[in-house]
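As structure tokens, the structure follows; a few thoughts come after it.
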Amino acid sequence: MTDYQPSLFSASELRGSYKVTPVTPQITVDALNQWKQRILDYQQQVRQQQLQQGSLFQSSLFEAAAPLIDPSNDHADHYCEPVSPDAIDPFRLPPQNTEFWRWQADDAGVAALYFVIDYERSILLYVGETVKSNQRWKGEHDCKRYLLNYRQAHYQLQLSSRLGIAFWAQAPAETRPRQRLELALIKKWRSPFNKENWQFWGTPFVY
């Protein structure tokens, strides 16, 4: 796996996928910091509860977690039995560059869950699922716009952010079980860029 290099999500980087025009965010430094702190406080409580529970699956799952692109890894043994969302800690998965989809891949990838994280504050921003991990973001994706607005707001307000993406490549190969696990993780972590959680955090970057 190549060294992790956080993406700046500049407009030039996104050129060639689809056009994104950043809009000047109407948010203050205090409002942005308070927004992130609320999410951080909630997610830290969730993670602490998860660590206290000591999931029986945790060790084996993280040992088996593979880089996004690993042709030598056999993913045919994806879990057939339901996987508990408590068995997955997004913050312990290997981080990837958010521009992974630009790299030359030997294949289309595998069924996976993915997590977009601001590693500057350890905030989980988005949870997603895909059947082809190496191709998921090559086309249009709303989360790209949210992240561009998020990054732009930090830049304009002279705040730091460090965006990255982490993949869990042992997701169920079948669509419905994978989507059920995705939804359970969205509800558990209340990731603010997933529309299911907009009621909790508002939509300061969805414009």
Cβ crowding within 10 Å averaged over residues, with 156-164, 143-151 ranked highest first: 143-151, 156-164
For the ranges 119-128, 28-37, 192-201, what's the packing order if you count other beta-carbon atoms within 10 Å of each residue, average per peptide, and put the highest first? 119-128, 192-201, 28-37
Would you kindly state how much longer the chain becomes between Q49 and K187 on full extension, computed as 0.36 nm times their sequence separation minus their alpha carbon distance, in nm to one decimal? 48.2 nm
A correct Karplus calculation of ³J(HN,Hα) over segment 112-122, with 6.51 cos²θ - 1.76 cosθ + 1.60, θ = phi - 60°, whole Hz and x for Gly and Pro, returns 7, 9, 9, 9, 8, 10, 8, 6, 5, 10, 6
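Read the figures in this text as sums done on the coordinates, not as results from a lab. The shown structure was predicted, so the numbers you read here are calculated from the model rather than taken from an experiment. We place every Cβ from the backbone using ideal geometry, glycine too, and count neighbours over all the protein chains shown.
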